[in-house]
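Data block below; observations after.
The values are calculated or read from the model by the stated rules, or taken from the named source; none is laboratory data. Values in this document were obtained by computation on a predicted structure and should not be read as measured data. Quick reminder, even Gly has a Cβ in these numbers, built from the backbone with ideal geometry, and neighbours come from all protein chains shown.
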Amino acid sequence: MAETFDISLDSLAGCSVAPQNIAVPGTFAPSTDGATFFLETFGCQMNDHDSEKVAGLLLSRGYRQVESPDAASLVLYNTCSIREKAAQKVFSRLGEYRTKQAPGQIIGVLGCVAQQEGEEIFQRTPWVSLVCGSASYRRLPELLSQLEAGNQRVTGLDNDADETFETPVTRRDNPWRAYLTIIEGCDKACAYCVVPFTRGPERSRASDSVLREVRELVDLGYSEVQLLGQTVNSYADPSARKMRFSDLLLAVADVPGIRRVRFTTSHPRDFGADIVAALEAQPKLCNHVHLPVQSGSTRILRAMTRTYTRGEYLEKIAMLRSAKRQIAITTDVIVGFPGETEDDFAETLSLLEEVRYDSLFSFKYSPRPNTPSLSMPDAISEEEKSRRLTLLQEAQREIQSQRNATLVGRTFELLVSGKSRREHQWSGHTACHRVVNFASQERALLGTYVQVRVTGAGPNSLVGEQVT
Ligand code: SAM
Ligand code: SF4
């Protein structure tokens, strides 16, 4: 069954972030004076990666990262507002500084809550000095300069940024898999979603710039990269090369030294046969597609403005299932969208049975500011949402148990990314994005590729033994 793996922060960061010579809080100082920062991230992989870039910026200005906010002269929260709970969590963190903020300590809010709440954050938590939304990160160096100059309230809240956020230095947290954002923002306007408001309009990064970074990542020792975007497959190369997303995938896989390419999240409307053809042609493209469906009911999909019907979504699934390689498919589902009837929910359950996803993220609908669904009638009660969520998760757990059981006896290549406290126990990911915990007598496996035969299966992970 699932086991806790212990990967030290040092090994994850690929560099030491342990606090040595901890600075005394209250002495926020320009970079030359050895200022320190603490950065906590909430939310999705795009936020994680934005934080890597923010950390890179700060390190390049001479800041040192510390593991505790108490030890930091600059405390930053990179926030998520996709659901109400995520946003509340940030305010409860900020609330702690009402009493514990050290003199001179600077508190900053980055990301989606910053973009959504804007200067209101100063009213609610007056001890905050920096508010910068994710669509304005290219202004961060300028905002940091203002803070370093002693400015007490600085904001970056433009939402019409036409550039993507690139920095010369990115401090990567994951030593085995490198994240690269290739498209920022979203133009899709789903009725429930804050992302178009918090991350701004869609803008893609030039293919040459993406490929240059991939080559740099190989030089740093990475062999696995993951291309990121809220709708990664809506990528539209702004340069003269005009690469399609599928062309970019193949070009990234062709970079010498690259062994695995992942991408997330794909929007069903823009998921075409050319992407499946690329996956079939190039084994370095991992055989896993995350294709959020949200609901199995066409009526609800229409209300959500998802721009596809159940039938059209199932056509995309059929295309993936008929590929020459077996491709793992995962999804996101929202239960309890306004007006979702028992019949609509039953259609979602039946879709699960039809597709038989390899894994699934499920959420209770959460009303969000500014979104069209906020004013829709027929809200579903919290109890009913919880009931539907439980039913959905139970159904999926059963499907996963059955699917994983069919893998016993098969051998997979893993990229080893975890070491258990128990001796000779390791963990890694397959190309199809399953976690396998396995036994090996080897001493130094982290970051290497190994062949593992699956000997047991649970709903969330597999167990195996190294065969080479
Ligand atoms: N761009 C991706 C897409 O279109 O599928 C998803 C991005 S969003 C960060 C991740 C997931 O959060 C969504 O797929 C959706 O299931 C969920 N989500 C977004 N807004 C939500 C809301 N208001 N309530 C509950 N879940 C929500
Ligand atoms: Fe949100 Fe829809 Fe855009 Fe995904 S596609 S980020 S769910 S608006």
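Could you check, for segment 341-353, whether at least one of its residues is in contact (Cβ under 8 Å) with a residue 24 or more places away in the chain, on the phi > 0 side of the Ramachandran plot and not polar (S, T, N, Q)?
The initial filter retains those residues of segment 341-353 that are in contact (Cβ under 8 Å) with a residue 24 or more places away in the chain, namely 343-345, 347-353.
This time we only want the ones that are on the phi > 0 side of the Ramachandran plot, so: none.
Checked against the condition, which is being in contact (Cβ under 8 Å) with a residue 24 or more places away in the chain, on the phi > 0 side of the Ramachandran plot and not polar (S, T, N, Q), segment 341-353 yields no hits at all.
Scanning segment 301-314 for residues that are surrounded by 14 or more Cβ atoms within 10 Å (Cβ to Cβ) and under 16 Å from residue 353 (Cα atoms) turns up 310, 313, 314.
Please determine whether any residue of segment 7-30 is modelled with pLDDT under 95, more than 24 Å from the chain's Cα centre (by Cα) and in a helix (DSSP H, G or I).
Start the filter on segment 7-30 by keeping residues that are modelled with pLDDT under 95, which leaves 7-30.
From the residues that got through so far, the ones that are more than 24 Å from the chain's Cα centre (by Cα) too are 18-30.
Retained after the next criterion (residues that are in a helix (DSSP H, G or I)): none.
So far as segment 7-30 goes, no, none of its residues is modelled with pLDDT under 95, more than 24 Å from the chain's Cα centre (by Cα) and in a helix (DSSP H, G or I).
Look at segment 224-238: where a residue is in contact (Cβ under 8 Å) with a residue 40 or more places away in the chain and more than 16 Å from ligand 1 (Cβ to nearest atom) and a partner is assigned to a loop (DSSP other than H, G, I, E, B) and of a type in the set (Phe, Trp, Tyr), sitting 6+ places away or on another chain with Cβ atoms under 7 Å, you get 224/176. Evaluate the following for residue 51: is it at pLDDT 95 or above, crowded, with 16+ Cβ neighbours inside 10 Å and of a type outside the set (D, E, K, R)? Yes, satisfied.
Quick grid of which residues meet (1) hydroxyl-bearing (Ser, Thr, Tyr); (2) surrounded by fewer than 22 Cβ atoms within 10 Å (Cβ to Cβ):
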residue	(1), (2)
164	yes, yes
173	no, yes
194	no, no
203	no, yes
207	yes, no
211	no, yes
215	no, yes
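Quick one: residue 82 ticks every box in (1) under 19 Å from residue 368 (Cα atoms); (2) assigned to a loop (DSSP other than H, G, I, E, B); (3) more than 16 Å from ligand 2 (Cβ to nearest atom); (4) β-branched (Val, Ile, Thr) except a single one, so which number is it? Status for residue 82: all satisfied but (3).
Identify, from the list 254, 274, the residue that is of a type in the set (D, E, K, R), out of contact with any helix residue (DSSP H, G or I) (no Cβ under 8 Å at 6 or more places or on another chain) and more than 12 Å from residue 210 (Cα to Cα). Give the steps one after another, and end with the answer.
Working: 274 fails: out of contact with any helix residue (DSSP H, G or I) (no Cβ under 8 Å at 6 or more places or on another chain).
Answer to the selection: 254.
Yes/no matrix, rows are residues, columns are (1) modelled with pLDDT of 95 or more; (2) among the polar types (S, T, N, Q):
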| site | (1), (2) |
| --- | --- |
| 371 | yes, yes |
| 383 | yes, no |
| 386 | yes, yes |
| 429 | yes, no |
| 433 | no, no |
| 450 | yes, no |
| 456 | yes, no |
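As a summary of the residue check, residue 134 satisfies the conditions (1) within 16 Å of ligand 1 (Cβ to nearest atom); (2) modelled with pLDDT under 90; (3) within 29 Å of residue 257 (Cβ to Cβ) except for the one numbered (3). Return yes when residue 142 is over 23 Å from the mean Cα position of the chain (by Cα), more than 30 Å from residue 211 (Cβ to Cβ) and among the acidic types (Asp, Glu) and no when it is not. Criteria not met by residue 142.
Checked against the criterion of being over 30 Å from residue 260 (Cα atoms) and crowded, with 20+ Cβ neighbours inside 10 Å, segment 324-331 has no qualifying residue. Being among the small types (Gly, Ala, Ser) and closer than 30 Å to residue 432 by Cβ is a description that applies to residue 362. Screening residue 316 with (1) of a type in the set (D, E, K, R); (2) within 15 Å of ligand 1 (Cβ to nearest atom); (3) in contact with a Ser or Thr (Cβ under 6 Å, 6 or more places away or on another chain) gives one miss only, at (3).
If you go through segment 149-178 and keep only what is modelled with pLDDT of 85 or more, touching a Ser or Thr at 6+ places or on another chain (Cβ under 9 Å) and within 22 Å of residue 237 (Cβ to Cβ), you end up with just 178. Is it the case that residue 244 is surrounded by 21 or more Cβ atoms within 10 Å (Cβ to Cβ), more than 17 Å from the chain's Cα centre (by Cα), away from ligand 1 (no atom under 16 Å from the Cβ) and of a type in the set (Lys, Arg)? For residue 244, the condition - surrounded by 21 or more Cβ atoms within 10 Å (Cβ to Cβ), more than 17 Å from the chain's Cα centre (by Cα), away from ligand 1 (no atom under 16 Å from the Cβ) and of a type in the set (Lys, Arg) - is not met. Taking each residue of segment 287-306 that is under 11 Å from residue 347 (Cα atoms) and looking for partners that are basic (Lys, Arg) and within 11 Å of ligand 2 (Cβ to nearest atom) with beta-carbon atoms closer than 9 Å, six or more apart or interchain, yields 295/306; 300/306.
Every test in (1) outside any loop (DSSP other than H, G, I, E, B); (2) in contact (Cβ under 8 Å) with a residue 60 or more places away in the chain; (3) near ligand 2 (Cβ under 10 Å from one of its atoms) is passed by residue 196 save one, and that test is (2).
Only residues that are under 18 Å from the mean Cα position of the chain (by Cα) and away from ligand 1 (no atom under 16 Å from the Cβ) were counted in segment 154-194, giving 13. The condition of being in contact with a strand residue (DSSP E or B) (Cβ under 9 Å, 6 or more places away or on another chain), surrounded by fewer than 20 Cβ atoms within 10 Å (Cβ to Cβ) and of a type in the set (A, V, I, L, M) holds for residue 236. Given the condition part of a helix (DSSP H, G or I) and farther than 29 Å from residue 87 by Cβ, answer yes or no: does some residue in segment 320-335 qualify? Checking segment 320-335: at least one residue is part of a helix (DSSP H, G or I) and farther than 29 Å from residue 87 by Cβ. So which residues in segment 347-369 are within 14 Å of ligand 1 (Cβ to nearest atom), assigned to a loop (DSSP other than H, G, I, E, B) and surrounded by fewer than 20 Cβ atoms within 10 Å (Cβ to Cβ), if there are any at all? Answer for segment 347-369, where residues must be within 14 Å of ligand 1 (Cβ to nearest atom), assigned to a loop (DSSP other than H, G, I, E, B) and surrounded by fewer than 20 Cβ atoms within 10 Å (Cβ to Cβ): 366, 367, 369. The residues of segment 216-266 that are assigned to a loop (DSSP other than H, G, I, E, B) and within 16 Å of ligand 2 (Cβ to nearest atom), listed by number, are 229, 230, 231, 235, 236, 265, 266.
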